[in-house]
1. State the percentage of accessible surface on the chain attributable to carbon and sulfur atoms; use a 1.4 Å probe and exclude ligands, DNA and RNA.
2. So who's got an amide H within less than 5 Å of the one on MET164, skipping anything under 5 residues away but keeping other chains? H placed 1.01 Å off N, in plane.
3. At 1.4 Å probe size, with every protein chain present, just tell me what the per residue accessible area of the chain comes to in Å².
4. Mind putting a number on the dipole of the chain about its Cα centre? Charges go on the C-beta only, +1 for Lys and Arg and -1 for Asp and Glu, and I need it in Debye to the nearest 20.
5. Measure nothing but the geometry: give the 0 to 90° angle between the long axis through the Cα atoms of 48-59 and the longest principal axis through the Cα atoms of the chain, rounded to 10°.
6. Hey, what do the phi angles of segment 67-81 turn into as Karplus ³J(HN,Hα) couplings, whole Hz, using 6.51/-1.76/1.60 and θ = phi - 60°, x for Gly and Pro?
7. In whole percent, what relative contact order does the chain give with Cα contacts below 8 Å and a gap of six or more residues?
8. Can you give me the angle between helix 128-139 and the longest principal axis of the chain, using Cα atoms only, in degrees from 0 to 90, rounded to the nearest 10?
Amino acid sequence: MRRVPPSERPISPSDQAVAGGVAVPHHKGHRARLRQRFLQAGPDSLADYELLELVLFLAIPRRDVKPLAKDLLTRFGSLAGVLGADIPALSAVDGLSETAAVALKTVHAAAVRVTREAVSDAPVLSGWQALNDYVRTALAHEKREQFRVLFLDRKNRLIVDEAMATGTIDRVAVYPREVVRRALELDASAVILVHNHPSGDPRPSKGDIAMTRMVSDACDKLDITVHDHLVVGRSGNASFKTLGLL
């Protein structure tokens with residue numbers, strides 16, 4: 001049996017109001033009221049599904065999108081989960097067009113850039129919370145493991161953040177010589193290693209620990225400092241340095 005998308009579901013009597021003896025859908029005027037609340041009381045006055053509604057308004061001009069917003073949150077677990085989902089996953093949701101999926105991903109891309117700017121504007125080691133916010137925004141909801149390296153100059157300012165490898169749901173191949181080679185090309189004095197766990201659990205595995213030691217040993221030989229290795233999960237980040245593993 002075909003699942004009926006939110007846009008085709010009938011409006012029940014409980015979802016209607018009566019104006020002049022004529023049944024009026026409950027969402028009539030809802031968009032204007034929601035925008036006004038956002039403008040007057042600010043975004044903190046809105047629930048997560050209402051923030052999603054505001055984004056969806058831009059891509060879906062003539063439809064009640066509240067059921068769709070709530071369906072997205074149920075499916076992906078959180079606002080961050082919705083924005084972090086990839087285009088194919090979003091497009092598979094009934095009632096969500098590719099245009100709407102692109103609108104959601106645009107918000108996510110903007111959030112990643114904003115958090116990256118906070119990391120780029122000051123020495124990374126003096127803005128550790130900003131760094132943690134950035135890597136979580138960028139990687140917490142990736143479906144495959146991704147290994148990234150933040151290359152830093154002599155003042156510990158970010159030169160570039162590069163994805164060195166992308167793997168499967170539970171592993172990624174990392175080559176220490178490639179990290180060292182790229183650091184030399186960029187004249188980087190230090191690096192911060194970052195990778196994500198799609199399982200959501202940021203605790204380092206034995207493989208993570210062994211790989212980090214190999215990268216650290218290779219860097220040490222050329223006076224390149226490995227400041228930390230951050231493992232990103234949906235429940236938070238794990239720091240090798242904090243855990244005493246580096």
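The values are calculated or read from the model by the stated rules, or taken from the named source; none is laboratory data. This one's a predicted model, so the numbers in the text were calculated from it and none came from an experiment. Cβ sites come from the backbone with ideal geometry, for glycine too, and all protein chains shown count toward neighbours. Just so you know, the surface numbers come from the protein's heavy atoms only, side chains and all, with ligands and any DNA or RNA stripped out. Shrake-Rupley method; radii C 1.70, N 1.55, O 1.52, S 1.80 Å.
1. Carbon-and-sulfur percentage of accessible area, whole number: 54.
2. PHE147, ARG148, VAL149
3. On the way: 13440 Å² over 246 residues.
On a per-residue basis, the chain sits at 55 Å².
4. Dipole of the chain, to the nearest 20 debye: 580 debye.
5. Approximately 80 degrees, to the nearest 10.
6. The phi angles translate into x, 5, 4, 5, 5, 4, 5, 5, 5, 9, x, 6, 4, 4, x Hz.
7. Numbers: 361 pairs, mean separation 31.3, N = 246.
Dividing the mean separation by the residue count of the chain yields 13 percent.
8. Taking the Cα atoms of the chain, the angle to 128-139 is about 60 degrees.
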